[in-house]
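Notes follow the structure.
Values quoted throughout were computed directly from the atomic coordinates according to the rules given, and no laboratory measurement underlies them. Everything quoted here is computed from the prediction, not taken from an experiment. Don't worry about glycine lacking a Cβ; one is built from the backbone with ideal geometry, like all the others, and counts go over all protein chains shown.
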Amino acid sequence: MSTLRFHALKEAIGRKTVVVTEEERRSSLFGQNVFNQGTMLQYLTKDAYNSVIDATENGSKIDRRIADQIASAMKDWALSKGVTHYTHWFQPLTGATAEKHDAFFETIGNGQAIEKFGGGQLVQQEPDASSFPNGGIRNTFEARGYTAWDPTSPAFIYGTTLCIPTVFVAYTGEALDYKTPLLRALQAVDHAAADVAKYFDKNVKKVNASLGWEQEYFLIDRALADSRPDIVMAGRTLLGHASAKGQQLDDHYFGSIPNRALAFMSDLEKECMLLGIPVKTRHNEVAPNQFELAPIYEETNLAVDHNSLVMDIMGKVAAKHNFKVLLHEKPFAGVNGSGKHNNWSLSTNTGVNLLGPGKTPMSNLQFLTFFINTIKAIHDNEELMRAGIASASNDHRLGANEAPPAIMSVFIGEQLTAVLKELEGVTDGKLSPKEKTDLKLNVVGKIPEILLDNTDRNRTSPFAFTGNKFEFRAVGSTANCANPMTILNTIVAKQLVDFKKEVDALIEAKDLKKDEAIFNILREYIKHSKNILFEGNGYGEAWEKEAKKRGLSNNKTTPEALKAKVAKKNLELFEQMGVMNKVEAEARYEIEIEEYVMRIQIEGRVLGDIARNHVIPTAIKYQNMLISNVTGLKELYGADFKKYGKEQLDIIEEISHHISVINAKVNEMTQERKKANALEDTEQKAADYCNRVKPLFDEIRYSCDKLELLVDDELWPLTKYRELLFTR
Ligand code: ADP
Ligand code: MG
């Protein structure tokens, strides 16, 4: 009997729900472990407080004397909560978060010690950063990087550590993390959007991009997950036959949440509350043992930090509940994978959501301006948007009839489609008073404050307008949202800068009124961007054909998709918007394709191991049982044995066939890996891993899964899909 699998099953089936109590209201837990404005008011001098607020809101620098005060106050606050260590908390390009803890504790001679934390330690650190991915930016002789405090994201306590969100940059100044380019992109969109918003309201000083992410994940019993080498090593199953029941009955989605999962969620939510992460929604997702967590949206930099933090603490909380969280985009074949919708909008310091329709024709014209500019930005940069969500794991999901395809398009709904159609007919140049009134009353004025299409959502669209925000649905569940959010905010910033120039030029050249000029430019944008609008079924083959006709890209694999990140046009875009220079952008590209190669390489090795060391020996064991059965039959019945042993003989042959396929394909895969590894050029290497190594996975898997169906259940060593997905 296969011991590990059955031990794990026994453990999993016998689990009791871990009891989670709610002693305090969520609202009173909220932000208890965050050095937020309330806490700062208590602990900081007025000067220090104002200086942090000014840094948060206007990006001003905090001077060193004040930084000392802030550090000292943070330390006092942290010590009062039993904290012993501090860390700069950052997001290197591994995609995970990084931390290196230092104790507050310092010796002062004479055998005495104190707790110390100064402005210097708050503001800047030099972690030994040589082992983080850098895409060749840092030479070994200058392997230094430093982390620098980001005062726009508040410090927080996790466990007994004070965590200070920081950026991570090379000594030569290049960004080595996700946060730095994001902050630059947010600044670019702030300036560009505020300039355009001033057409409508002179009081607009600042525009914030908001992000509300929806995190999907699987929750698998820890013993069962740990019994599978593929889940442990690659975060997903590389083989395993589908279980008889999957998601076809739709009985999990929005169903009542299983007790153990609910206890995990409550515990996680409590942690989130303490950390000031405003989680609000929880529910079952489509696949068995798949769930979703979503907070109330926040300013994008903060929301990204919160998502990274959540992904980290989910694993820790899950361990307490004997679960393992799988964030992988496709942990199980045959049932839905996980994504992370990124809900995005722009709002002004005056409290207006620029992507929300308003009450007056003028506010609706403002809405249409931002709405249409966003559509044009996506149209002009669809390939870059696709690149922003590319990863080895997300490739499994995009276009797999459950998630949006690899083709970018924008869904806007019937009502807004009709509005754009009207606007397309606006007269060129000056508008007659009648046309103006007509537009204001009957077109712009008629956009309802609440759009009906809110509810009519097309789930197959990668980028959908949902009433007062755009929802980027193609983002993967393991992604650091900073990557797609940097791209989205950069392209929108660039588009708004261009728009402003064009409107101003038109006002100048043709002596048009502001609103006339805006109508004129928007009309041209609508005509120009039509090809990106799509309201139909994004999963269908017909759309692939149609999209091709329209000239939209359809980059199905990561190596293909990533190339857009270093296309000349895009390098210039990043440079022009001050988001990344050429060195930074190229380094990121290098890191991402290297990561792709490594992921496929690891999967290939693990699959080879499992196929050879688990599946083949098990199949042989079972085949031997059949052989001795047939030999016995022969002894009993002599020449007649075939009459009674026909099925056994068939299975013996079938097993031999699958064993030989597996063996041959694993050999072939190993050879292909060797050849690919010998390539100098990373791009070529990634292409080979994608086109020569990866396709063999399916062939190996097919035979392994067939053997799973043939071999005695008692012998099968790998925990099965039904056990992984239906044990709760
Ligand atoms: P769903 O898409 O699952 O039906 P909702 O659209 O209600 O759910 O909300 C999903 C996420 O979108 C939440 O995180 C919510 O806070 C966020 N959201 C709502 N309004 C906005 C907005 N104006 N800008 C950005 N995010 C928003
Ligand atoms: Mg959504």
Asn667 to Asn531: FRET efficiency via 1/(1 + (r/R0)^6), r the Cβ-Cβ distance, R0 51 Å, to the nearest 0.05? 0.65
Whole-Å distance, taken between Cα centres, linking region 393-446 and region 458-530: 11 Å
Theoretical gain in end-to-end length, Ala509 to Tyr702 [0.36 nm per residue, Cα-Cα removed]: 62.8 nm
Grab the Cα-Cα distance for Thr17 and Leu709, subtract it from 0.36 nm times how many residues apart they are, and report the gain in nm with one decimal. 245.9 nm
Can you compute log10 of I(q)/I(0) for region 31-174 with the Debye formula, treating each Cα as one identical point scatterer, at q = 0.13, 0.14, 0.15 Å⁻¹? -0.60, -0.69, -0.79
Percent RCO, i.e. relative contact order, over the chain, from Cα pairs under 8 Å lying at least 6 residues apart: 17 percent
Angstrom value of the Kirkwood radius, inverse mean 1/r, which spans all Cα pairs in region 371-424: 12.8 Å
Per residue, how big is the convex hull of region 186-580 when only Cα atoms are used? Give it in Å³. 146 Å³
Loop-resident sites, region 217-275, for trypsin sites (Lys or Arg not before Pro), counting at most 14 other Cβ within 10 Å (DSSP): Lys245
Average the reciprocal distances over every distinct pair of alpha-carbons in region 324-414, invert the result, and give the Kirkwood radius in Å. 15.7 Å
Are there any GluC sites (Glu not before Pro) in region 7-83 that are in a DSSP loop and have at most 10 other Cβ atoms within 10 Å? List them by number. Glu22, Glu23
Exposure proxy check on Leu451, Leu262: fewest-to-most Cβ neighbours within 10 Å is Leu262, Leu451
Filter the trypsin sites (Lys or Arg not before Pro) in region 357-429 to those in DSSP coil with at most 16 other Cβ atoms within 10 Å of their Cβ, and list the result. Lys359
Express in whole angstrom the spacing between the alpha-carbon centres of region 577-635 and region 301-379. 33 Å
What does the charge dipole of the chain about its Cα centre add up to, to the nearest 20 debye, if the Cβ of each Lys and Arg holds +1 and the Cβ of each Asp and Glu holds -1? 480 debye
Could you please rank His657, His252, placing first whichever residue has the fewest other Cβ atoms within 10 Å of its Cβ? His657, His252
Quick check: convex hull over the Cα atoms of region 595-726, volume per residue in Å³, rounded to an integer? 108 Å³
Mind pulling up the Rg/Rh value for region 529-651? Radius of gyration and Kirkwood radius, both on Cα. 1.37
Fewest first, what order do Asp511, Asp498 take by the number of other Cβ atoms within 10 Å? Asp511, Asp498
If you stretched the chain out fully between Phe254 and Ile651, how much longer would it get, using 0.36 nm times the residue separation minus the C-alpha to C-alpha distance? 138.7 nm
Does region 378-511 come out rounded, prolate or oblate, given a ≥ b ≥ c as the square roots of the eigenvalues of its C-alpha gyration tensor, rounded meaning a/c under 1.5 and, failing that, prolate meaning a/b above b/c? oblate
Volume in Å³ per residue [convex hull over Cα atoms, computed for the chain]: 198 Å³
Assuming R0 = 22 Å, can you tell me the calculated FRET efficiency for the pair Lys556 and Ile602, based on Cβ-Cβ distance, to the nearest 0.05? 0.55
Cβ-based charge dipole, the chain, positive-most Cα from Ala639, Met233, Pro405: Pro405
Per the helix-only model, the chain has a calculated mean residue ellipticity at 222 nm (DSSP H runs of ≥4, -39500 (n - 2.57) each, divided over all residues, rounded to the nearest 500) of -15500 deg cm²/dmol
Asp63 and Thr45 label points (each 7 Å along its Cα→Cβ direction) are spaced in nm at 1.1 nm
Neighbourhood net charge (10 Å Cβ-Cβ; Lys/Arg +1, Asp/Glu -1) for Ala676: +3
